[in-house]
1. Provide the per-residue ³J(HN,Hα) series for the range 122-139, in order, calculated from phi with Karplus coefficients 6.51, -1.76, 1.60 and θ = phi - 60°, each as a whole number of Hz, with x at glycine and proline positions.
2. Run the reach check for K8 against aspartates and glutamates, Cα to Cα strictly under 17 Å, same-chain hits fewer than 8 apart removed. What comes back?
3. Starting from 0.36 nm per residue, how many nanometres of slack lie between L3 and R63 once their C-alpha separation is accounted for?
4. The range 1-30 to the range 48-62: how many Å between their Cα centroids?
5. At a Cα cut-off below 12 Å, give the aspartates and glutamates reachable from K133, other chains included and same-chain residues fewer than 8 away excluded.
6. Can you tell me the length gained on complete extension of the stretch L40 to D17, counting 0.36 nm per residue apart and subtracting the Cα distance?
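Values in this text are rule-based calculations from the coordinates and carry no lab data. All figures in this text were calculated on a predicted structure; none of them were measured in a lab.
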Amino acid sequence: FHLSNIAKIRPILSLRDAETLIHAFVSSRLDYCNVLLSGLPNYAIRSLQLVQNAAARILTKTRKYDHITPVLSYLHTPYTPARPLRSLDAVLLVTPSINKKSLGFRAFAYCAPYLWNTLPLHVKEASSVENFKSRLKTQLYSLFYSLP
């Protein structure tokens, strides 16, 4: 609903204003409770990816049949907060044992340390939150799009 309304007024908005609206009404709802989406199969996440792709197309005024990968690559910019990492010396975290046949593998207590431990060392050894988030976003982006 919000996305179609933003699309209607997009021609009169600046890029910055359109980005603000899309973050406020679309991205925030996609990010809400995203921990619940962890471990879901791709077919369950596909509809959310389609919404994100539509938001990117509206933001950049890209046509429906143009490839979305370059658009998402263009919009890929790191977030840069100004505080140091709290756990700079932590390399590995203890992953609790769980019954993987249940939904326990989706629990934050299991999923967070597991994902942290699978990160490459250069991402974990970032010297600041800004640097960590930039490296993490680049790592996830390259995994998703199979970049070298």
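1. Each residue's phi maps through the Karplus curve to give 5, 6, 5, 8, 4, 8, 8, 4, 4, 5, 4, 5, 5, 5, 5, 5, 5, 4 Hz.
2. Counting by Cα, and skipping residues close in sequence, K8 has these aspartates and glutamates nearby: D17, E19.
3. Working: separation 60, 0.36 × 60 = 21.60 nm, distance 1.52 nm.
This chain segment gains 20.1 nm when fully extended.
4. Their Cα centres are 10 Å away from one another.
5. Answer for K133, where 12 Å is the Cα cut-off: E125, listed by chain and number.
6. On the way: separation 23, 0.36 × 23 = 8.28 nm, distance 3.30 nm.
Taking L40 through D17 to full extension adds about 5.0 nm, to one decimal.
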